[in-house]
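*Asks:* Got a structure here, written out as structure tokens. Questions coming.
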Amino acid sequence: MRLEVVVVPVADVDRSKEFYKALGWREDADVAGGDGFRVVQLTPPGSACSVIFGSGVTSAAPGSAQGLHLVVDDIDAARAELVGCGARVSEVFHDAGGVFHHAGTDARVPGPAPERRSYGSFASFSDPDGNGWLLQEVTTRLPGR
């Protein structure tokens, strides 16, 4: 099994489409059906998993998707690229507990993880509806990954 698609609830389909395309995400589909149904699919660069959003796609409240992770090799470069595309991205942080980030902004410590430990450095941003994304730096994969 592979994770193929994640549904992201949005209020304005065109605004969201432009936001994600401005980040450099590939547009895979924009299909309209009857009764106002519309689905847009975009894929982040290098990802095997896409996101979809649209009209009539989900009953979830716009902005309610939180903790969506984008894994990157170099968090500073990825952060700079997103900022250059117009995204408002937090500074790089790690968690005070050292294992995984807490919900929201609890226990955030400025700067990358000590010794730049793989899986430990993060930066966050949101789309126009408030759906929350995290960049997570992974330089060495855990065994079996």
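*Asks:* If you scan the stretch 61-73, which residues turn out to be open to solvent by 50 Å² or more (accessible area, probe 1.4 Å), in a loop (DSSP other than H, G, I, E, B) and closer than 21 Å to Ala22 by Cβ?
*Replies:* We begin by selecting, within the stretch 61-73, every residue open to solvent by 50 Å² or more (accessible area, probe 1.4 Å); these are 61-62, 64, 66, 69, 71, 73.
Okay, now just the ones that are also in a loop (DSSP other than H, G, I, E, B), so 61-62, 64, 66, 73.
Pro62, the sole residue that qualifies.
*Asks:* Another one. Give me the strands (runs of 3 or more DSSP E) completely within the stretch 77-145, filtered to those with at least 3 residues that are among the hydrophobic types (A, V, I, L, M, F, W, C) and surrounded by 12 or more Cβ atoms within 10 Å (Cβ to Cβ), ordered by residue number.
*Replies:* Because the criterion is at least 3 residues that are among the hydrophobic types (A, V, I, L, M, F, W, C) and surrounded by 12 or more Cβ atoms within 10 Å (Cβ to Cβ), the strands (runs of 3 or more DSSP E) in the stretch 77-145 that meet it are 121-126, 132-137.
*Asks:* Look through the stretch 1-42, keep the residues that are crowded, with 17+ Cβ neighbours inside 10 Å, among the β-branched types (Val, Ile, Thr) and free of Cβ contacts under 8 Å to residues at least 60 places away in the same chain, and return whichever of them is farthest from Gly86 (Cα to Cα).
*Replies:* Val39
*Asks:* Hey, another quick one. Could you list all residues from the stretch 29-51 that are under 16 Å from Trp133 (Cα atoms) and in contact with an Asp or Glu (Cβ under 9 Å, 6 or more places away or on another chain)? So that I can check it myself, show each step before the final result.
*Replies:* First pass over the stretch 29-51, keeping only residues under 16 Å from Trp133 (Cα atoms): 42-45, 47, 49-51.
Residues satisfying the conditions are Leu42, Thr43, Cys49, Ser50.
*Asks:* Just one of (1) within 25 Å of Ala78 (Cα to Cα); (2) in contact with a strand residue (DSSP E or B) (Cβ under 9 Å, 6 or more places away or on another chain); (3) in contact (Cβ under 8 Å) with a residue 40 or more places away in the chain; (4) not in a strand (DSSP E or B) trips up Thr58, so point out which.
*Replies:* Every condition holds for Thr58 apart from (1).
*Asks:* Of the residues Val99, Val72, Val92, Val109, which single one is touching a helix residue (DSSP H, G or I) at 6+ places or on another chain (Cβ under 7 Å) and over 23 Å from Cys49 (Cβ atoms)? Spell out the reasoning first.
*Replies:* Values: Val99 fails: touching a helix residue (DSSP H, G or I) at 6+ places or on another chain (Cβ under 7 Å); Val72 fails: over 23 Å from Cys49 (Cβ atoms); Val109 fails: touching a helix residue (DSSP H, G or I) at 6+ places or on another chain (Cβ under 7 Å).
Of the residues listed, the single one that is touching a helix residue (DSSP H, G or I) at 6+ places or on another chain (Cβ under 7 Å) and over 23 Å from Cys49 (Cβ atoms) is Val92.
The values are calculated or read from the model by the stated rules, or taken from the named source; none is laboratory data. Fair warning: this is a prediction, and the values are worked out from it, not measured in the lab. In this analysis, Cβ positions are derived from the backbone assuming ideal geometry, glycine residues included, and neighbour counts consider all displayed protein chains. To get the accessible areas, we keep the full protein, side chains included, count just its heavy atoms, and leave off ligands, DNA and RNA. Shrake-Rupley method; radii C 1.70, N 1.55, O 1.52, S 1.80 Å.
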